[in-house]
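Just so you know, all these numbers are worked out from the coordinates, no wet-lab data involved. All values reported here derive from a predicted model rather than from experimental measurement. Neighbour counts run over all protein chains shown; Cβ positions are idealised from the backbone, glycine included.
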């Protein structure tokens, strides 16, 4: 097997583990766009999804394999539980890719085996032997994960991993599934397997760490120091519960401290910031300003001492340059007299590339409109506009007009006009507890799809009374029946997967809006979330038809 000494593979699971986080729903087109960007980022492996979970998941993995899985592109992996049906669905989904991987898993901790799977240790080993062997009979590249390895008995973990090696696994992923271990413990676990599992030298050992105790990145790097040569991670660290190891932090730690770790990645670091923004815009989860590498304050200096040092020599207080991760180090301020060329230059310097001239024209019009409302437009304002443009929320219904009245002596009332999918306009009015509630109630009277608003957040992008406001909302779809309903079977991977592989009934969708008028930003955000919810319903129906046509089976 190829030697990986000095090279750490980056296994990105944003589209699988990352999207399982509540509210991190992406449409098929958004998943494709993220996969394309991950290819530009030059990740080694993209875990595209969990095909057995639903027709929608299968169709998304299949389309990513077809479009992104070229011979010179990343390996396309699909997750499968350790059973024949899951593994077969994973294999059929990744067929179009030139480089394919089946990733199968089975719990090895006693707490999982006893309470979740109702299996003995002997039964667990039999399942691993048979299912890894079955996966290897289909695919030359097979990854096995002993789920909850961090809480497994070390001697039994050795035995389970040895069985997977004998059955043909080529990558052994050692997950700290519940984020329980410390860096010292995690590194020791990797070293123990290296030293005591026969034949493991022919395999790649991988890390997969969750951030429940805030040490996912530290654990992953400890694993690399102990001999792991693949790191599983997600963009912005999104994922179940507290999230996964953050790709940008792992990569830049290795990039910045290369001599210490004595390894490298093949990541194109100048694509990091753009990838972060893209994922953030699609899932509607803002990046915290103090987030390492990609946060708004990551390269900001307010202290006089720090500013003095940076002005004299940037390395006095910066261990990496903003340009290295694709951020613009030039704080050029644009205004209403700036033209298309200036905006294009600024976008290029910020590492932003729009897909076509139509997208740029929409962004330019939004930029000029903003310039009429604000005296100064800086990088943060432009980034907010870009985030809204990159959202790619399908416009099944388009917000055409909003009018509202509110005040201390008035009942908040709103009138909205939407353009429907048939091109016809629909107008309605309603009252609410405030102007935002009134707008949302009026929109609901037109669309008539039950949902519950579960999160509403407002953030001022810049300082001053003319600051651009960004609003993020999350809604939970209501009125969807159990998983026996065909519409629900293809639900998004942002929801929980039952042991049968079906999704839970209620889905969460996020939306993002930006405007100098906070009320309008709220209206745009709500429409984006609603359109995602409506599009998901359409995708579920379409995916079922596609899967049935390709496989001849129903999920």
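Relative contact order for the chain using alpha-carbon pairs under 8 Å, separation at least 6, rounded to a whole percent?
Contact order relative to length: 14 percent.
So how much slack lies between residue 448 and residue 460, counting 0.36 nm per residue of separation and subtracting their Cα-Cα distance, in nm?
1.2 nm
Using just the helices of the chain, give the 222 nm mean residue ellipticity in deg cm²/dmol: DSSP H runs with n ≥ 4 each add -39,500 (n - 2.57), and the total is spread over all residues, rounded to 500.
-12500 deg cm²/dmol
Sorting 419, 283, 382 by the number of Cβ atoms found within 10 Å of their own Cβ, with the fewest placed first, yields 419, 382, 283.
Against the main long axis of the alpha-carbon atoms of the chain, helix 183-196 sits at an angle near 30°. Between residue 426 and residue 110, the modelled labels are 5.8 nm apart [label points 7 Å from Cα along Cα→Cβ]. With both residues required to sit in segment 9-283, DSSP beta bridges show an antiparallel share near 5%.
With the highest mean first, a sort of the peptides 284-296, 87-99 on other beta-carbon atoms found within 10 angstrom per residue produces 87-99, 284-296.
Given segment 7-103, what percent of its DSSP beta bridges are antiparallel, to the nearest 5? Kindly include the intermediate steps, with their values, before the conclusion.
On the way: 0 of 10 bridges.
Approximately 0 percent, going by the DSSP bridge assignments.
Using the alpha-carbon atoms, what tilt in degrees (0 to 90, nearest 10) does helix 84-93 show relative to the longest principal axis of the chain? Orientation of helix 84-93: about 50 degrees from the principal axis.
Take every DSSP beta bridge whose two residues both sit in the chain; close to 50 percent of them are antiparallel. Measure nothing but the geometry: give the 0 to 90° angle between the long axis through the Cα atoms of 154-167 and the longest principal axis through the Cα atoms of the chain, rounded to 10°. Orientation of helix 154-167: about 90 degrees from the principal axis.
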